[in-house]
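S.K.: Quick one: this structure, given as structure tokens, is what I'll be asking you about.
Here, each number is a calculation from the coordinates, and none is a lab measurement. All values reported here derive from a predicted model rather than from experimental measurement. A quick note on method: Cβ atoms are made from the backbone with ideal geometry, for glycine too, and the neighbour counts reach across all protein chains shown.
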Amino acid sequence: MRAYRNDGFPATIIRPSHTYCERSVPVSVHGVNGSWQVLKRMIEGKPILIHGDGSSLWTLTWNEDFARGLIGLIGNPKTIGEAFQIMSDETLTWNQIYESIAQALGVELHPYHVSSTFLAAVCPPEYDLMGNLIGDKAVTVAFDCTKLKRAVPGFCATTRFDTGVRRCINHILAHPELQVEDPDFDAWCDRVIAAQEKAAKEVCS
């Protein structure tokens, strides 16, 4: 923006939020190999780690909806020297997000809530839950896309998460190369759950 203000360089800032596509299901706690191991745990009926009490709000945007907003901004004279955010108007709790994933898989969700600070403290460094949770997903976020809609009349994110996540899961189940297992993450989930259960018993005894 300094180049725009000082030299007239035509600049526009685009701010997406959590944008997803058919290759990966959005989850808040996962290992280095992505979301498949979380889905596998759901399919196997295992408890699923959800940070905090699952009530923080989050916004998920299907990639094609994001693209509609982006295309409307490209070459648009109203966008020069401005900043825009592009995301869905749908806001969900993480409990609702995980429930939608389970429903798309056709299984029952077994949520297991764990403090975000505890998860960040005991996770392997490569999970970076201090940044991904404490600095991001554990915090409620809500957005206002009024400015975008003024610049791009008719823009609307039309893909609800329950629809988008079904597309994701159908695609992943049809493409075994996307089903990358993560036994280390699976074992870590079990250790976290066992540690919390043990602590609860010791406090209550």
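S.K.: Simple spin-label model, 7 Å along Cα-to-Cβ: His110 to His175 in nm?
M.R.: 3.0
S.K.: State the Kirkwood hydrodynamic radius of the range 99-144 in Å, one decimal place, computed from all pairs of distinct Cα atoms. Numbers along the way, then the final one.
M.R.: On the way: mean 1/r = 0.0799 Å⁻¹.
This gives a value of 12.5 Å.
S.K.: How far is helix 63-73 tilted off the main Cα axis of the chain, in degrees rounded to 10, range 0 to 90?
M.R.: Value to nearest ten degrees: 20.
S.K.: Using Cα-Cα distances under 8 Å and only pairs 6 or more residues apart, what relative contact order does the chain have, in percent?
M.R.: Values: 312 pairs, mean separation 65.5, N = 205.
Relative contact order for the chain comes out at 32 percent.
S.K.: Quick one: of the DSSP bridges fully inside the chain, what percent are antiparallel, nearest 5? Walk me through the numbers before you get to the answer.
M.R.: Values: 4 of 15 bridges.
If I count the DSSP bridges inside the chain, around 25 percent turn out antiparallel.
S.K.: Also: Do any of Lys137/Lys198; Lys78/Lys147; Lys46/Lys198 go past 22 Å between their Cα atoms, and which?
M.R.: Values: Lys137/Lys198 27 Å; Lys78/Lys147 11 Å; Lys46/Lys198 18 Å.
Where the Cα-Cα span goes over 22 Å, the pairs concerned are Lys137/Lys198.
S.K.: What is the pair-distance distribution P(r) of the range 26-147, computed from all Cα-Cα distances in 10 Å bins starting at 0, with each bin given as a whole percent?
M.R.: Result returned by the calculation: 12, 36, 31, 15, 5, 0.
S.K.: Okay, next question. Among 185-197, 94-106, how do they line up by average Cβ neighbours within 10 Å per residue, starting with the highest?
M.R.: The most tightly packed comes first, giving 94-106, 185-197.
S.K.: If I compute percent of Cα pairs over 30 Å apart from the structure I just sent, which labelled value in [x] 31; [y] 27; [z] 13 lines up?
M.R.: [x]
S.K.: What is the calculated FRET efficiency for Arg166 to Ala195, with r their C-beta to C-beta distance and R₀ = 35 Å, to the nearest 0.05?
M.R.: Numbers: r = 34 Å, r/R0 = 0.98.
According to the calculation, E is roughly 0.55.
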